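This report concerns only the one structure given below.
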Amino acid sequence: MRTSDFDYTLPTDRIAQTPIEPRDQSRLMVLRRETGCIEHRRFFEISEYLGAGDVLVVNDSRVIPARLMGHKSSGGKVEIVLLNRVDEGIWETLAKPGKRLREGTLVEFESESESGEVKAEVLSKDEDGTFWLRFTNEGLLENMGVVPLPPYIHAPLQDPERYQTVYSRSKGSVAAPTAGLHFTPDLMRTLEGKGVEFLSVTLHVGLGSFRPVKVDDPREHTLHQEYCEIGSGAAQRLNEARREGKRVIAVGTTAVRAVEWAAGADGGIQSVRGWNDLYILPGYRFRVIDAMVTNFHLPRSTLIMLVCAFAGREKILQAYEEAIRSGYRFYSFGDGMFIL
């Protein structure tokens with residue numbers, strides 16, 4: 001297995017810069033794993049493929065205003081992206097430019113609040129390029145930062161809520177679980193009216209989801225841990241659904257990783273709370289998930305490797321080629337796939 005096995009060429013004009021309105025009017029490619037058959041629909045038509053007894057597992061994580069602009073005492077500008085809160089006032093972060101940030105460096109952040117200023121001291125730098133910072137006045141951070149958008153999106157986002165799922169509630173992600181961006185309250189009510197059940201889990205999207213694979217052999221890549229939580233009620237309901245022979249359908253790769261991480265060897269789901277580093281590559285045996293809603297992912301990424309593990313590399317790459325030919329929009333604000 002090589003990282004290049006998961007490569008494809010995408011014209012830049014296929015990268016969605018703005019979201020479709022309304023959300024559920026985006027396109028939907030339906031891929032049947034057994035046959036490789038592809039159908040072209042609109043996302044709201046996913047209701048035709050779902051029915052009574054189906055369980056949709058959604059990631060209720062909410063994107064935080066994690067991008068902060070500051071400066072060193074010497075005057076040099078510094079951009080900080082919060083990743084994980086590890087203790088009171090202490091965060092794991094990304095920093096740019098990071099080469100000149102050393103242990104003990106102080107970074108100051110401007111605040112419009114009269115409550116005080118915010119400073120951060122660099123405690124250490126990890127080998128993977130992340131920094132550990134200790135912040136003063138940590139409570140002011142939420143009002144100082146902005147929601148970070150992926151680097152391939154260049155158009156300004158008019159409404160920050162458009163980069164949140166309509167069911168988001170648990171703050172902690174630095175990027176949206178984008179498969180869920182297609183759902184509207186009306187669509188969810190329609191599905192629930194058909195007997196479809198929604199279950200919430202939490203996986204805070206961080207470096208593990210978007211860090212690129214830079215090694216030739218993807219098995220040598222280390223997946224960064226992301227905080228994950230599945231409550232006892234959700235675990236119990238998933239176990240009941242499996243015993244009753246109902247389909248468990250993950251909305252997004254993060255929901256896949258959350259549920260599969262919580263599954264034992266027999267597929268039983270445990271209530272969990274901790275750091276998820278489940279890395280799914282072709283050859284992985286899925287224990288719980290029967291179908292998946294997802295977006296079109298970057299080439300050579302851990303996310304496309306996950307969907308290839310689920311549906312087969314050749315079928316996925318053929319589907320991506322078809323999507324490019326058919327004018328689908330890719331990545332965070334792009335169109336969706338339903339893999340059956």
_small (Gly, Ala, Ser), within 22 Å of the chain's Cα centre (by Cα) and more than 15 Å from residue 6 (Cβ to Cβ): is that true of residue 235 in this structure?_
yes
*Can we say residue 251 is within 13 Å of residue 58 (Cα to Cα), buried (at least 21 other Cβ atoms within 10 Å of the Cβ), touching a Phe, Trp or Tyr at 6+ places or on another chain (Cβ under 8 Å) and not basic (Lys, Arg)?*
yes
*Quickly run through the range 82-113 and pick out the residues that are β-branched (Val, Ile, Thr), assigned to a strand (DSSP E or B) and over 15 Å from residue 128 (Cα atoms).*
86, 90, 107
*Can you tell me which residues in the range 292-303 are buried (at least 24 other Cβ atoms within 10 Å of the Cβ) and under 13 Å from residue 3 (Cβ atoms)?*
302
_Of residues in the range 304-323 being closer than 22 Å to residue 45 by Cα and either outside the structural domain of residue 253 (by TED's automatic domain parsing) or touching a Phe, Trp or Tyr at 6+ places or on another chain (Cβ under 8 Å) (or both), the one surrounded by the most Cβ atoms within 10 Å (Cβ to Cβ)_ = 323
_Qualifying residues in the range 92-125 (those that are within 21 Å of residue 212 (Cβ to Cβ) and at pLDDT below 85) - the one surrounded by the fewest Cβ atoms within 10 Å (Cβ to Cβ)_ = 99
*Report whether or not residue 11 is in contact (Cβ under 8 Å) with a residue 40 or more places away in the chain and within 21 Å of residue 191 (Cβ to Cβ).*
no
_Every residue in the range 146-197 that is more than 16 Å from the chain's Cα centre (by Cα), at pLDDT below 95 and crowded, with 19+ Cβ neighbours inside 10 Å, please._
none
*Tally the residues that are in a loop (DSSP other than H, G, I, E, B) and closer than 25 Å to residue 204 by Cα, restricting the search to the range 42-67.*
5
*Working only within the range 6-24, note down all residues that are exposed (fewer than 15 other Cβ atoms within 10 Å of the Cβ) and either out of contact with any Pro (no Cβ under 6 Å at 6 or more places or on another chain) or basic (Lys, Arg) (or both).*
9, 11, 12, 13, 18, 21, 22
_Suppose the filter is within 25 Å of residue 54 (Cβ to Cβ), aromatic (Phe, Trp, Tyr) and touching a residue at least 40 places away in the same chain (Cβ under 8 Å); does residue 328 pass it?_
yes
*Considering only residues of the range 263-283 that are surrounded by fewer than 12 Cβ atoms within 10 Å (Cβ to Cβ) and more than 20 Å from the chain's Cα centre (by Cα), which is farthest from residue 223 (Cα to Cα)?*
266
*asked:* Restricting to the range 1-20, name every residue that is assigned to a loop (DSSP other than H, G, I, E, B), of a type outside the set (Gly, Ala, Ser) and under 21 Å from the mean Cα position of the chain (by Cα).
replied: 7, 8, 10, 17, 18, 19, 20
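The values are calculated or read from the model by the stated rules, or taken from the named source; none is laboratory data. Worth saying up front: this structure is predicted, and the values here are computed from it rather than measured. We place every Cβ from the backbone using ideal geometry, glycine too, and count neighbours over all the protein chains shown.
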